[in-house]
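This report refers to the structure that appears directly beneath it.
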2 protein chains.
Amino acid sequence: MSGQLSIAIVGATGAVGQEFLKLFESRSFPVGSLKLLASERSVGKTYTFAGKTYTVELATPETFEGVDIAFFSAGASRSKALAPAAVEAGALVVDNSSAFRMDPNVPLVVPEINGNAVNPATRLIAVPNCSAIILLMAVAPLRELGTLDRLIVSTYQSASGGGAAMMRELEDQTRDALNGVESVNRNESFPPYAFNLFSHNTPINDDGCNEEEAKVVAESRKILNMQELKVNVTCVRVPVLRAHSESVTVEFAGAAPSVEQVREVLSRAPGVTVVDDRAGNKFPTPRDASGGDNVLVGRIRKDLSHPNAISMFVSGDQLLKGAALNAVQIAEHMLNLGQPAKHEQFA
Amino acid sequence: MSGQLSIAIVGATGAVGQEFLKLFESRSFPVGSLKLLASERSVGKTYTFAGKTYTVELATPETFEGVDIAFFSAGASRSKALAPAAVEAGALVVDNSSAFRMDPNVPLVVPEINGNAVNPATRLIAVPNCSAIILLMAVAPLRELGTLDRLIVSTYQSASGGGAAMMRELEDQTRDALNGVESVNRNESFPPYAFNLFSHNTPINDDGCNEEEAKVVAESRKILNMQELKVNVTCVRVPVLRAHSESVTVEFAGAAPSVEQVREVLSRAPGVTVVDDRAGNKFPTPRDASGGDNVLVGRIRKDLSHPNAISMFVSGDQLLKGAALNAVQIAEHMLNLGQPAKHEQFA
């Protein structure tokens with residue numbers, strides 16, 4: 001390789017952190033050196049990457065010395081505490097947390113949609129909320145067909161959004177249920193999960209929206225640069241492991257495009273695969289979306305209840321396009337802009 | 001008891017059929033004699049009801065002689081073939097299938113909503129689609145607060161809607177998945193179900209709607225007697241065993257009622273329980289709805305994307321209010337109207 005980079009992952013032991021390692025390999029990301037960083041309880045764990053063993057180190061403000069790109073996926077408070085130090089040390093920071101998303105000075109980026117929100121001087125870039133990314137991958141291309149007026153969305157969100165611990169909890173509780181054992185709900189922050197679903201377990205604001213819903217509304221407006229966009233979203237966690245699905249109705253300011261137009265536009269949208277076989281009853285499922293890069297879109301139809309609206313159904317891998325993949329794509333986009341410069345010494 | 005009835009259940013061995021037996025006991029339904037009817041492969045199976053053993057007999061046009069009330073839950077083709085004979089034999093027929101729902105001569109009834117659609121002379125009554133019942137239990141009471149204009153609904157439907165076989169399939173495939181075994185998909189009529197969800201597996205019409213969605217639209221209009229009601233519905237099966245949930249946005253013809261008004265109206269609506277604890281993050285779940293008579297409603301909030309709309313989240317037991325309970329309530333309603341007359345010989 002012609003040049004390589006010094007990479008750090010903060011939150012390396014988490015569900016998203018682990019996806020970074022797989023993506024670096026599968027996408028031949030130019031990793032020269034690698035730091036796996038985490039909190040104290042994970043220090044000393046080892047992981048193999050590209051045939052070499054790496055030991056998890058404690059994430060501190062000092063660990064970013066010499067790092068070219070730091071990927072953060074360890075929650076908002078960790079990002080708030082450490083990302084400024086990483087930027088200060090000269091790293092490009094790509095942050096999966098909500099810490100800086102609504103900061104007017106920080107671009108919130110889905111490369112296929114608003115890659116132009118960054119420039120070579122950008123040092124801190126926020127990865128949007130997973131539900132917002134998956135929604136907008138299907139919705140943003142439709143701007144070619146008319147002015148978006150209102151989105152009405154109900155989500156079917158996977159356990160992975162709550163991290164590796166929630167995925168394990170879903171599996172453990174489901175195993176108990178199948179064995180006729182009443183599960184101890186080991187995590188009091190959400191309802192029983194086996195063969196169950198529940199309204200997203202984040203605090204409810206005065207408008208009656210949970211935090212996840214408020215994020216989807218605010219982030220969609222920022223990413224699309226449409227502060228006036230009307231968004232109604234209901235966020236629900238379902239007993240699915242790692243891909244989110246969303247039932248989406250899009251109202252346009254004028255007459256709705258035809259189903260054929262929507263299919264045509266989405267068929268050539270980067271990162272989108274149309275799965276819309278009416279005769280075969282084959283549409284997006286989280287199982288089919290899991291492990292794939294693309295967001296699947298189907299059930300494309302006119303909304304018979306509104307002359308200006310269409311409806312569709314979307315599934316996308318929460319850990320990939322909803323998190324790690326989008327972050328790596330942001331870094332790749334910056335590398336295409338020439339930043340950060342690669343080091344010959346790793347070659 | 002002062003009088004008893006001769007009852008038949010067609011489809012007695014199914015998931016809904018079995019709920020009838022439990023409801024007859026728990027509600028002290030005036031069962032004098034009981035015929036358990038089914039197709040050939042179930043003939044000879046035995047069930048205990050009120051301490052007595054009953055053997056399943058073949059359902060034929062001749063078996064309805066002397067029957068006062070016949071509950072049908074064996075699919076539309078069975079109802080079409082046998083219900084006319086049951087009516088002819090003098091039985092009151094309460095039909096859970098879709099066979100007669102849209103027949104203008106057949107009332108389609110949710111007793112709390114349109115019990116007035118029947119009269120003592122009615123001999124055939126259709127039970128609506130489960131998703132329509134659960135939706136309308138939450139929506140119909142809101143007519144007191146304004147004129148309904150449009151409903152936008154996304155469903156989270158349980159396996160029980162596909163019968164006992166689909167429930168077993170969900171459990172079996174999930175057990176395999178937890179054991180790391182790739183399931184043989186024993187039922188080719190729907191996608192893999194373990195930790196997965198899918199667009200309702202019924203044929204898609206020219207408008208791009210599946211049969212379930214078309215039922216919800218047409219039946220909602222008939223039950224509410226509002227042919228002009230606009231309805232957008234997306235029907236999705238989720239890996240949940242026996243209760244349906246629905247994300248519902250209601251647009252009124254005028255300004256939306258307040259959250260307090262909606263809560264107040266639903267709090268006194270028969271068959272509805274408001275579960276709307278924002279501070280405790282406690283809202284309807286299918287697990288909490290399972291085994292209960294009432295439809296749970298929560299997440300009641302203004303739709304910030306539309307001045308005339310509110311949103312809410314609903315869960316209801318698919319086998320109970322979505323099917324068997326609603327059917328038994330219809331029969332109880334007819335008994336209150338004096339039909340069919342009870343026989344003293346059973347007393």
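The values are calculated or read from the model by the stated rules, or taken from the named source; none is laboratory data. Just so it is clear, the structure is predicted and the values come from calculations on it, not from any experiment. Please note: Cβ atoms are built from the backbone with ideal geometry, for glycine as well, and neighbour counts cover all protein chains shown. The area values use the complete protein model at the heavy-atom level, side chains included, leaving out ligands, DNA and RNA. Shrake-Rupley method; radii C 1.70, N 1.55, O 1.52, S 1.80 Å.
Points to keep in mind about this one:
- Of all residues making up the range A:249-268, the number that are touching a helix residue (DSSP H, G or I) at 6+ places or on another chain (Cβ under 7 Å) and open to solvent by 10 Å² or more (accessible area, probe 1.4 Å): 1
- Enumeration of residues in the range B:291-308 that are in contact with a Cys (Cβ under 9 Å, 6 or more places away or on another chain) and not in a strand (DSSP E or B): B:L304
- Qualifying residue in the range A:178-186 (condition: of a type outside the set (V, I, T) and assigned to a helix (DSSP H, G or I)): yes
- For the range B:28-51, a residue qualifies if it is on the phi < 0 side of the Ramachandran plot and not in a strand (DSSP E or B), and the qualifying residues are B:F29, B:P30, B:S39, B:E40, B:R41, B:S42, B:V43, B:K45.
- Counting only residues that are more than 17 Å from A:I330 (Cβ to Cβ) and under 21 Å from the mean Cα position of the chain (by Cα), the range A:75-88 holds 6 of them.
- Any hit, the range B:321-335, residues being over 24 Å from B:A159 (Cα atoms), crowded, with 24+ Cβ neighbours inside 10 Å, touching a Gly at 6+ places or on another chain (Cβ under 9 Å) and not β-branched (V, I, T): no
- Subset of the range B:38-51 (residues that are touching a Phe, Trp or Tyr at 6+ places or on another chain (Cβ under 9 Å) and either closer than 15 Å to B:V94 by Cβ or open to solvent by 50 Å² or more (accessible area, probe 1.4 Å) (or both)): B:T46, B:T48, B:A50
- Qualifying position, being more than 10 Å from chain A (Cβ to nearest Cβ) and either open to solvent by 40 Å² or more (accessible area, probe 1.4 Å) or closer than 25 Å to A:R242 by Cβ (or both), among B:A177, B:A194, B:A165: B:A165
- Look at the range A:313-326: where a residue is hydroxyl-bearing (S, T, Y) and a partner is in a loop (DSSP other than H, G, I, E, B), sitting 6+ places away or on another chain with Cβ atoms under 9 Å, you get A:S315/A:V275; A:S315/A:F283; A:S315/A:P284; A:S315/A:T285; A:S315/A:S290; A:S315/B:L197.
- Single unsatisfied condition, A:D288 versus (1) open to solvent by 50 Å² or more (accessible area, probe 1.4 Å); (2) among the charged types (D, E, K, R); (3) in a helix (DSSP H, G or I); (4) more than 9 Å from chain B (Cβ to nearest Cβ): (4)
- Failed item, numbered, when A:E246 is tested on (1) surrounded by fewer than 20 Cβ atoms within 10 Å (Cβ to Cβ); (2) over 24 Å from B:A279 (Cα atoms); (3) not small (G, A, S): (1)
- Residue list for the range B:235-285, filter: among the polar types (S, T, N, Q), under 13 Å from B:M312 (Cα atoms), in a loop (DSSP other than H, G, I, E, B) and at the interface with another protein chain (Cβ under 9 Å from one of its Cβ atoms): B:T285
- The range B:202-234, residues that are closer than 16 Å to B:S98 by Cα, within 11 Å of chain A (Cβ to nearest Cβ), open to solvent by 20 Å² or more (accessible area, probe 1.4 Å) and not aliphatic (A, V, I, L, M): B:T202, B:P203, B:E211
- Criterion violated by A:S2 - all others in (1) in a loop (DSSP other than H, G, I, E, B); (2) surrounded by fewer than 22 Cβ atoms within 10 Å (Cβ to Cβ); (3) at pLDDT 95 or above satisfied: (3)
- Residue count for the range A:291-315, restricted to those that are at positive phi and within 9 Å of chain B (Cβ to nearest Cβ): 1.
- Pairs, first under 18 Å from A:N196 (Cβ atoms) in the range B:159-180, second surrounded by 21 or more Cβ atoms within 10 Å (Cβ to Cβ) and small (G, A, S), C-beta under 6 Å, six or more apart: B:S160/B:A15; B:M166/B:A159; B:M167/B:A159; B:M167/B:S160; B:L170/B:A159; B:Q173/B:A194; B:T174/B:A194; B:A177/B:A194
- For A:E25: the one exception among (1) surrounded by 19 or more Cβ atoms within 10 Å (Cβ to Cβ); (2) of a type outside the set (V, I, T); (3) part of a helix (DSSP H, G or I): (1)
- Given (1) modelled with pLDDT of 95 or more; (2) within 13 Å of another protein chain (Cβ to nearest Cβ); (3) open to solvent by 10 Å² or more (accessible area, probe 1.4 Å), number of the condition B:L170 does not satisfy: (3)
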